[in-house]
(Lines give C-alpha, C1' and ligand atoms only; values in the text may rest on other atoms or scores of the structure.)
Protein backbone atom coordinates (compact mmCIF):
# COMPACT_ATOMS: atom_id res chain seq x y z
CA UNK A 1 0.00 0.00 0.00
CA UNK A 2 0.97 3.63 -0.38
CA UNK A 3 1.18 4.48 3.36
CA UNK A 4 1.68 8.13 2.46
CA UNK A 5 2.52 9.45 5.92
CA UNK A 6 5.27 6.86 6.47
CA UNK A 7 7.65 9.44 5.06
CA UNK A 8 9.09 12.34 6.99
CA UNK A 9 8.44 14.82 4.18
CA UNK A 10 4.77 13.95 3.74
CA UNK A 11 4.26 13.69 7.51
CA UNK A 12 5.86 17.13 7.98
CA UNK A 13 3.50 18.66 5.42
CA UNK A 14 0.47 16.96 6.96
CA UNK A 15 1.21 18.10 10.50
CA UNK A 16 1.98 21.63 9.36
CA UNK A 17 -1.72 21.91 8.58
CA UNK A 18 -3.14 19.40 11.07
CA UNK A 19 -1.44 21.25 13.94
CA UNK A 20 -3.94 24.08 13.45
CA UNK A 21 -6.89 21.87 14.45
CA UNK A 22 -5.17 18.99 16.27
CA UNK A 23 -6.20 19.99 19.78
CA UNK A 24 -9.88 20.22 18.78
CA UNK A 25 -9.93 17.05 16.67
CA UNK A 26 -7.89 14.72 18.87
CA UNK A 27 -10.81 13.78 21.12
CA UNK A 28 -12.40 11.96 18.17
CA UNK A 29 -9.38 9.69 17.75
CA UNK A 30 -7.95 9.05 21.24
CA UNK A 31 -8.84 9.68 24.87
CA UNK A 32 -7.18 10.27 28.23
CA UNK A 33 -8.42 6.93 29.58
CA UNK A 34 -6.95 5.14 26.58
CA UNK A 35 -3.54 6.74 27.08
CA UNK A 36 -3.61 6.01 30.81
CA UNK A 37 -3.95 2.31 30.04
CA UNK A 38 -0.83 2.52 27.92
CA UNK A 39 1.13 4.49 30.49
CA UNK A 40 0.36 1.84 33.09
CA UNK A 41 2.30 -0.60 30.89
CA UNK A 42 5.39 1.63 31.14
CA UNK A 43 5.56 1.23 34.94
CA UNK A 44 6.16 4.93 35.62
CA UNK A 45 5.88 4.76 39.40
CA UNK A 46 8.15 7.21 41.20
CA UNK A 47 7.00 6.02 44.61
CA UNK A 48 8.60 2.69 43.79
CA UNK A 49 11.47 3.62 41.45
CA UNK A 50 12.30 7.15 42.61
CA UNK A 51 12.55 10.15 40.23
CA UNK A 52 12.41 9.01 36.61
CA UNK A 53 13.64 10.75 33.47
CA UNK A 54 11.12 10.26 30.67
CA UNK A 55 11.38 10.87 26.92
CA UNK A 56 8.13 11.46 24.99
CA UNK A 57 8.79 10.57 21.34
CA UNK A 58 6.54 12.07 18.66
CA UNK A 59 5.23 14.28 21.46
CA UNK A 60 3.20 16.56 19.18
CA UNK A 61 1.25 19.15 21.13
CA UNK A 62 2.15 17.51 24.44
CA UNK A 63 -1.06 15.57 25.06
CA UNK A 64 0.69 12.50 26.44
CA UNK A 65 3.19 14.64 28.35
CA UNK A 66 0.35 16.46 30.10
CA UNK A 67 -0.81 13.11 31.45
CA UNK A 68 2.75 12.16 32.34
CA UNK A 69 2.80 15.11 34.75
CA UNK A 70 0.65 13.01 37.07
CA UNK A 71 3.60 10.60 37.29
CA UNK A 72 6.78 12.69 36.83
CA UNK A 73 7.84 16.29 37.30
CA UNK A 74 8.04 18.47 34.20
CA UNK A 75 11.76 19.08 34.73
CA UNK A 76 12.38 15.35 34.20
CA UNK A 77 10.39 15.27 30.96
CA UNK A 78 11.75 15.69 27.42
CA UNK A 79 9.52 16.07 24.37
CA UNK A 80 10.80 15.37 20.86
CA UNK A 81 9.02 15.75 17.52
CA UNK A 82 10.00 16.54 13.94
CA UNK A 83 7.18 19.09 13.65
CA UNK A 84 8.07 22.49 15.15
CA UNK A 85 4.47 23.60 14.66
CA UNK A 86 3.20 20.81 16.90
CA UNK A 87 5.89 21.34 19.55
CA UNK A 88 5.19 25.07 19.63
CA UNK A 89 1.74 24.26 20.99
CA UNK A 90 3.26 22.03 23.66
CA UNK A 91 5.68 24.79 24.65
CA UNK A 92 2.76 27.18 25.12
CA UNK A 93 1.25 25.01 27.88
CA UNK A 94 2.26 26.49 31.28
CA UNK A 95 2.29 23.07 32.93
CA UNK A 96 5.15 22.03 30.63
CA UNK A 97 7.24 25.15 31.15
CA UNK A 98 10.02 23.23 32.92
CA UNK A 99 10.17 20.42 30.36
CA UNK A 100 12.74 20.18 27.56
CA UNK A 101 11.74 20.39 23.90
CA UNK A 102 13.72 19.06 20.94
CA UNK A 103 12.89 19.25 17.24
CA UNK A 104 14.59 16.24 15.67
CA UNK A 105 14.20 13.05 13.67
CA UNK A 106 13.20 10.12 15.89
CA UNK A 107 15.42 7.83 13.80
CA UNK A 108 18.51 9.76 14.98
CA UNK A 109 17.92 10.75 18.59
CA UNK A 110 20.19 13.60 19.75
CA UNK A 111 20.79 12.08 23.18
CA UNK A 112 23.61 10.13 24.80
CA UNK A 113 23.40 6.44 25.57
CA UNK A 114 21.48 5.45 28.71
CA UNK A 115 19.86 8.89 29.15
CA UNK A 116 16.27 7.99 30.12
CA UNK A 117 14.53 5.65 32.53
CA UNK A 118 11.45 5.46 30.32
CA UNK A 119 10.74 6.21 26.66
CA UNK A 120 7.08 6.53 25.66
CA UNK A 121 5.08 7.46 22.60
CA UNK A 122 1.46 7.64 21.53
CA UNK A 123 0.36 7.46 17.91
CA UNK A 124 3.84 7.71 16.45
CA UNK A 125 5.46 4.31 16.00
CA UNK A 126 3.50 3.36 12.89
CA UNK A 127 4.53 6.59 11.12
CA UNK A 128 8.23 5.72 11.16
CA UNK A 129 9.65 4.89 7.71
CA UNK A 130 11.85 2.33 9.52
CA UNK A 131 10.17 1.37 12.84
CA UNK A 132 12.92 -1.08 13.88
CA UNK A 133 15.68 1.52 13.45
CA UNK A 134 13.67 4.10 15.38
CA UNK A 135 13.01 1.63 18.19
CA UNK A 136 16.68 0.67 18.27
CA UNK A 137 17.50 4.33 18.90
CA UNK A 138 14.97 4.39 21.74
CA UNK A 139 16.62 1.27 23.12
CA UNK A 140 20.01 2.98 22.92
CA UNK A 141 18.96 6.05 24.92
CA UNK A 142 17.11 3.99 27.53
CA UNK A 143 18.99 3.06 30.67
CA UNK A 144 19.71 -0.62 31.38
CA UNK A 145 16.53 -2.05 32.86
CA UNK A 146 14.55 0.83 31.36
CA UNK A 147 11.24 0.38 29.57
CA UNK A 148 10.16 1.63 26.15
CA UNK A 149 6.40 1.79 25.58
CA UNK A 150 4.50 2.73 22.43
CA UNK A 151 0.80 3.06 21.67
CA UNK A 152 -0.47 2.59 18.16
CA UNK A 153 -3.57 1.92 16.10
CA UNK A 154 -4.42 -1.50 14.70
CA UNK A 155 -5.77 -2.30 11.26
CA UNK A 156 -9.39 -1.21 10.83
CA UNK A 157 -11.68 -4.23 10.58
CA UNK A 158 -13.98 -3.21 7.69
CA UNK A 159 -12.07 -4.07 4.47
CA UNK A 160 -13.02 -0.86 2.63
CA UNK A 161 -11.96 1.33 5.54
CA UNK A 162 -8.74 -0.67 5.88
CA UNK A 163 -7.98 -0.13 2.18
CA UNK A 164 -8.21 3.67 2.39
CA UNK A 165 -6.55 3.76 5.82
CA UNK A 166 -3.47 2.02 4.40
CA UNK A 167 -3.27 4.57 1.61
CA UNK A 168 -3.11 7.31 4.23
CA UNK A 169 -0.79 5.60 6.72
CA UNK A 170 0.51 2.27 8.01
CA UNK A 171 -1.79 0.30 10.31
CA UNK A 172 0.13 -2.73 11.62
CA UNK A 173 -1.05 -6.00 13.11
CA UNK A 174 -0.23 -7.18 16.61
CA UNK A 175 2.36 -9.54 15.13
CA UNK A 176 4.11 -6.67 13.33
CA UNK A 177 4.31 -4.54 16.48
CA UNK A 178 5.85 -7.42 18.43
CA UNK A 179 8.33 -8.24 15.65
CA UNK A 180 9.52 -4.61 15.56
CA UNK A 181 10.31 -4.64 19.28
CA UNK A 182 11.99 -8.05 19.15
CA UNK A 183 14.05 -7.16 16.08
CA UNK A 184 15.15 -3.91 17.73
CA UNK A 185 16.63 -5.90 20.62
CA UNK A 186 14.09 -5.60 23.44
CA UNK A 187 13.34 -8.34 25.94
CA UNK A 188 10.18 -8.98 27.97
CA UNK A 189 8.02 -7.72 25.10
CA UNK A 190 4.30 -7.77 25.77
CA UNK A 191 1.21 -5.80 24.78
CA UNK A 192 -2.35 -5.12 25.78
CA UNK A 193 -5.35 -3.81 23.88
CA UNK A 194 -6.50 -0.29 24.66
CA UNK A 195 -9.63 1.49 23.49
CA UNK A 196 -11.68 4.60 23.89
CA UNK A 197 -14.72 4.51 26.17
CA UNK A 198 -16.93 5.19 23.15
CA UNK A 199 -15.44 2.29 21.19
CA UNK A 200 -14.92 -0.82 23.27
CA UNK A 201 -13.69 -2.95 20.35
CA UNK A 202 -9.95 -3.60 19.87
CA UNK A 203 -9.06 -0.17 18.59
CA UNK A 204 -5.35 0.04 19.39
CA UNK A 205 -2.64 -1.50 21.52
CA UNK A 206 0.09 -0.52 23.92
CA UNK A 207 3.31 -2.48 23.67
CA UNK A 208 6.43 -2.36 25.83
CA UNK A 209 9.89 -3.86 25.95
CA UNK A 210 12.78 -3.76 28.38
CA UNK A 211 16.46 -2.94 27.81
CA UNK A 212 18.11 -5.96 29.35
CA UNK A 213 20.84 -5.20 31.86
CA UNK A 214 24.19 -6.27 30.40
CA UNK A 215 22.91 -6.51 26.82
CA UNK A 216 25.12 -5.06 24.03
CA UNK A 217 24.58 -1.35 23.47
CA UNK A 218 23.12 -0.53 20.04
CA UNK A 219 25.32 1.63 17.86
CA UNK A 220 24.27 5.26 17.64
CA UNK A 221 22.44 6.04 14.39
CA UNK A 222 24.06 8.47 12.01
CA UNK A 223 22.10 11.07 10.05
CA UNK A 224 21.47 10.36 6.41
CA UNK A 225 23.48 12.33 3.88
CA UNK A 226 21.63 15.49 2.76
CA UNK A 227 19.64 15.10 -0.43
CA UNK A 228 20.86 17.37 -3.20
CA UNK A 229 18.60 19.99 -4.79
CA UNK A 230 18.46 18.16 -8.13
CA UNK A 231 17.37 14.91 -6.51
CA UNK A 232 14.77 16.78 -4.47
CA UNK A 233 13.40 18.37 -7.63
CA UNK A 234 13.26 15.06 -9.48
CA UNK A 235 11.48 13.32 -6.60
CA UNK A 236 8.99 16.15 -6.03
CA UNK A 237 6.29 14.87 -8.46
CA UNK A 238 6.25 11.44 -6.80
CA UNK A 239 6.22 13.00 -3.34
CA UNK A 240 3.33 15.28 -4.29
CA UNK A 241 1.43 12.36 -5.79
CA UNK A 242 1.87 10.26 -2.63
CA UNK A 243 0.83 13.19 -0.47
CA UNK A 244 -2.22 13.92 -2.62
CA UNK A 245 -3.40 10.31 -2.52
CA UNK A 246 -2.84 10.15 1.22
CA UNK A 247 -4.80 13.33 1.83
CA UNK A 248 -7.58 12.08 -0.41
CA UNK A 249 -7.83 8.90 1.65
CA UNK A 250 -7.80 10.91 4.87
CA UNK A 251 -10.60 13.10 3.50
CA UNK A 252 -12.70 9.93 3.41
CA UNK A 253 -11.72 8.09 6.59
CA UNK A 254 -11.15 11.16 8.80
CA UNK A 255 -14.78 12.38 8.76
CA UNK A 256 -15.96 8.76 9.10
CA UNK A 257 -13.88 8.35 12.25
CA UNK A 258 -15.22 11.63 13.64
CA UNK A 259 -18.80 10.54 12.89
CA UNK A 260 -18.33 7.17 14.61
CA UNK A 261 -16.71 8.83 17.62
CA UNK A 262 -19.39 11.52 17.89
CA UNK A 263 -22.13 8.90 17.78
CA UNK A 264 -20.39 6.81 20.44
CA UNK A 265 -19.89 9.85 22.66
CA UNK A 266 -23.56 10.76 22.26
CA UNK A 267 -24.63 7.25 23.31
CA UNK A 268 -22.46 7.49 26.41
CA UNK A 269 -23.88 10.90 27.24
CA UNK A 270 -27.46 9.67 26.88
CA UNK A 271 -26.69 6.60 29.00
CA UNK A 272 -25.20 8.85 31.69
CA UNK A 273 -28.22 11.15 31.60
CA UNK A 274 -30.51 8.14 31.98
CA UNK A 275 -28.54 6.95 35.02
CA UNK A 276 -28.77 10.40 36.58
CA UNK A 277 -32.52 10.50 35.89
CA UNK A 278 -33.06 7.09 37.48
CA UNK A 279 -30.99 8.05 40.51
CA UNK A 280 -32.99 11.28 40.84
CA UNK A 281 -36.31 9.41 40.57
CA UNK A 282 -35.20 6.86 43.15
CA UNK A 283 -34.17 9.63 45.54
CA UNK A 284 -37.49 11.43 45.03
CA UNK A 285 -39.50 8.25 45.70
CA UNK A 286 -37.46 7.59 48.83
CA UNK A 287 -38.08 11.13 50.07
CA UNK A 288 -41.82 10.82 49.38
CA UNK A 289 -42.05 7.55 51.33
CA UNK A 290 -40.29 9.10 54.30
CA UNK A 291 -42.89 11.90 54.37
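The values are calculated or read from the model by the stated rules, or taken from the named source; none is laboratory data. Treat the numbers as computed from the prediction; the structure is a model and nothing was measured. No Cβ is skipped: glycine too gets one built from the backbone with ideal geometry, and neighbour counts run over all protein chains shown.
Please tell me if residue 52 is farther than 24 Å from residue 27 by Cβ and surrounded by 19 or more Cβ atoms within 10 Å (Cβ to Cβ). Criteria met by residue 52.
Return yes or no: is residue 121 touching a residue at least 12 places away in the same chain (Cβ under 8 Å), crowded, with 21+ Cβ neighbours inside 10 Å, closer than 23 Å to residue 204 by Cα and touching a strand residue (DSSP E or B) at 6+ places or on another chain (Cβ under 9 Å)? Answer is yes for this residue. There is no residue in segment 228-237 that is outside any helix (DSSP H, G or I) and surrounded by 16 or more Cβ atoms within 10 Å (Cβ to Cβ). Residues of segment 167-194 that are surrounded by fewer than 18 Cβ atoms within 10 Å (Cβ to Cβ) and at negative phi: 173, 174, 175, 176, 179, 182, 183, 187, 189, 190, 192, 193. Highlighted here are the helices (runs of 4 or more DSSP H) found entirely within segment 1-90 that include at least 2 residues which are under 17 Å from the mean Cα position of the chain (by Cα), more than 26 Å from residue 188 (Cα to Cα) and at pLDDT 95 or above: 63-68. Within segment 62-90, no residue satisfies the criterion of being in contact with a strand residue (DSSP E or B) (Cβ under 8 Å, 6 or more places away or on another chain) and free of Cβ contacts under 8 Å to residues at least 12 places away in the same chain.
Could you tell me whether residue 136 is touching a helix residue (DSSP H, G or I) at 6+ places or on another chain (Cβ under 6 Å) and either under 20 Å from residue 205 (Cα atoms) or buried (at least 18 other Cβ atoms within 10 Å of the Cβ) (or both)? Yes: the conditions hold for residue 136. Scanning segment 193-216 for residues that are assigned to a strand (DSSP E or B) and touching a helix residue (DSSP H, G or I) at 6+ places or on another chain (Cβ under 8 Å) returns 194, 204, 205, 206, 207, 208, 209.
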